[in-house]
Every structure is written in C-alpha cells, then in structure tokens.
1. So, in region 226-256, exactly how many residues are among the acidic types (Asp, Glu), assigned to a helix (DSSP H, G or I) and out of contact with any Pro (no Cβ under 9 Å at 6 or more places or on another chain)?
2. Looking at Cys108 and the list (1) closer than 14 Å to Trp62 by Cβ; (2) in contact with a strand residue (DSSP E or B) (Cβ under 6 Å, 6 or more places away or on another chain); (3) open to solvent by 40 Å² or more (accessible area, probe 1.4 Å), which single condition is not satisfied?
3. Those residues that are of a type in the set (Gly, Ala, Ser) and surrounded by fewer than 22 Cβ atoms within 10 Å (Cβ to Cβ), I need them from region 116-142; list them, please.
4. Condition test on Arg211, is it touching a Lys or Arg at 6+ places or on another chain (Cβ under 8 Å) and of a type in the set (Lys, Arg)?
5. How many residues does region 77-99 hold that are surrounded by 16 or more Cβ atoms within 10 Å (Cβ to Cβ), over 20 Å from the mean Cα position of the chain (by Cα) and either among the small types (Gly, Ala, Ser) or under 28 Å from Ala152 (Cα atoms) (or both)?
6. Considering (1) open to solvent by 30 Å² or more (accessible area, probe 1.4 Å); (2) assigned to a strand (DSSP E or B); (3) in contact with an Asp or Glu (Cβ under 6 Å, 6 or more places away or on another chain), say which one Ala61 fails and leave the rest.
7. Tell me which of these Gly195 doesn't satisfy, since it passes every other one: (1) exposed (fewer than 14 other Cβ atoms within 10 Å of the Cβ); (2) in a strand (DSSP E or B); (3) not charged (D, E, K, R).
8. Only one of (1) open to solvent by 20 Å² or more (accessible area, probe 1.4 Å); (2) on the phi < 0 side of the Ramachandran plot fails for Asp156. Which number is that?
Amino acid sequence: MMERKVIRTIVFVLFALSTPLFAQSKLEVPVSKDVSKEIIFKRTAYTLSFNTETNLPNWVAWKLNKERLVERVSRKGYRFNPDPDIDVNEAVVTQDYANSGYDRGHMCPAGDNRYNWKAMQESFYMTNMCPQDHKLNSGDWNDLEEMCRFWAEKEDGLYVVCGPIVTNKSPKTIGRKQKVVVPDAFFKVILSTSGKQPRALGFIFENKNTRQHLGKYAMSVDEVEAMTGIDFFPALPNDVEAMVEKQINLRSWGLD
C-alpha cells in the first residue's frame, strides 16, 4: 500500500511539473511574514521585497537558466545607484556604505545578469544591496553564487531566493543619509525542477569572515523558513512543496 502511495506521489509531481500552468508560475516568489513593511519591485531579472524600516531587502527572488547565463554585457562600467523607484529623499545611496567596513553585497548577483544590460543595471540598485562582511562576500557567499550558475548550466532551471536575517533587537546600522541595518546573517534557498523529481536546499551564512565547505552551511528549506518566517516556493502544489522543503540531500547537489 505504501509503495502505491509513493508511486502516485511521483506521478503527481511529474504531471504538475509538466503542466503549462505550473511552468508559467513564479515559483521563486515567496510570501513575506510582514507585508506592512515591504514594497514589491519587479525588475527585468528579479523580484524584490524591500523593507522600509531596515532599508534592506526582505528577500530577492529570481530564475536562473542557460539563457540567462549567456554573457552579452560586462559588469564593468556599471555603478551602484539609488533605486529610482524610491523617493530621492528616502533612498539609500552608495555613500551610506562609505567607511563602514562593509561591502555593498549584491543579493541578486551581477554575474547572474550578464545576459541583458537593463538586468545588469538594475542589479546595482541599492535596494538589491546589504552590508556584508568583505571576506564572506568575496569568499563563501561568492562560491555559492558560482555554484548556482554551475547548477543552472547543468540543469537548465533553478529558482533562487536570498536575503538578510536580522535577529538583534537593537541592530547595528550604517549610513549618514539613511540608516541601513547590518544583517546578522544571510539565507539562500534553491529549487530545481529538472530531473525526475524537484529538489530544494537551503543555506544560512553568518555575516562574518568564515571559510568552510558549502555543505556546512546547508539545511532544509523548512529550517530556513523557521528562521526567517518566510514562506518559500508557495506556488508549488502543497504536496510537492512539503516534500521538497523537508529534504536535505547534499549528494544530489554534489556537496557531500
């Protein structure tokens, strides 16, 4: 009886992933825990929930596939700019990071937007940035960005969501024009719909200089949801979402 149930579940998953409605869903777009503090921006390459209290994104979500990995533009020459969709008197500017000791850490990375000049330009909006430890930004966080591009090239279909985590009730801030909260950590969750069954994986990085195997940061998406209060991949059928978000199979991602 249990074997038949498993077979039915697999058939349902394969059917759901093959339907046009499912394929057109914005699988990567999550649901925020507090919509009263967010402004949603839909960009060329990503969707962003901006937090008006922390001056950070709640989350940034995008799809990554082979087409978006075709390099048509270079990141050279693009500058960090205030978000044009935020009032000039309220927008975070690049000078707010000056002498802070933190990088302007991309959430949706410039390297994922080389296929289109507009996508590249929008990746440098300050709403897509977080104060990030330099060694983390250039080290393990960058390694995961590169790994995501490797997975997307191999599997031709990856859905990514990332953002900051603020746990301190009295967080540190930077900035002169605007106060920007310094995150305590960062999350990234990834969904792959290629192959016989979809699979997902989550990561948590403390905002400090750490250097270790990416598998050490990995956890289930359910665990990341518990830490952030964000509902990831809600467009998935409920049964599929429950199945993929509880799993943590490092071997299937080549991280064992």
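1. Keep residues of region 226-256 that are among the acidic types (Asp, Glu), which gives 231, 239, 241, 245, 256.
Now restrict to residues that are assigned to a helix (DSSP H, G or I): 239, 241, 245.
The next check asks that each one be out of contact with any Pro (no Cβ under 9 Å at 6 or more places or on another chain); those that pass are 239, 245.
So the answer is 2.
2. That leaves (3) as the condition not met.
3. Kept after step one, since they are of a type in the set (Gly, Ala, Ser), are these residues of region 116-142: 119, 123, 138-139.
Within region 116-142, Ala119, Ser138, Gly139 qualify.
4. On the way: touching a Lys or Arg at 6+ places or on another chain (Cβ under 8 Å): yes; of a type in the set (Lys, Arg): yes.
Yes, satisfied.
5. Filtering region 77-99 down to residues surrounded by 16 or more Cβ atoms within 10 Å (Cβ to Cβ) leaves 78, 80, 82-83, 86, 91-93, 96-97.
Among the residues that remain, those that are also over 20 Å from the mean Cα position of the chain (by Cα) are: 78, 82, 86, 91-93, 96-97.
Adding the requirement that they be either among the small types (Gly, Ala, Ser) or under 28 Å from Ala152 (Cα atoms) (or both) leaves 78, 91.
Residues flagged as surrounded by 16 or more Cβ atoms within 10 Å (Cβ to Cβ), over 20 Å from the mean Cα position of the chain (by Cα) and either among the small types (Gly, Ala, Ser) or under 28 Å from Ala152 (Cα atoms) (or both) within region 77-99 amount to 2.
6. It fails just one condition, (1).
7. Result: Gly195 passes all but (2).
8. The single condition Asp156 does not satisfy is (2).
The values are calculated or read from the model by the stated rules, or taken from the named source; none is laboratory data. Not measured: the values here are computed from a predicted model. Please note: Cβ atoms are built from the backbone with ideal geometry, for glycine as well, and neighbour counts cover all protein chains shown. These area figures cover heavy atoms from the full protein model, side chains too; ligands, DNA and RNA do not enter into them. Shrake-Rupley method; radii C 1.70, N 1.55, O 1.52, S 1.80 Å.
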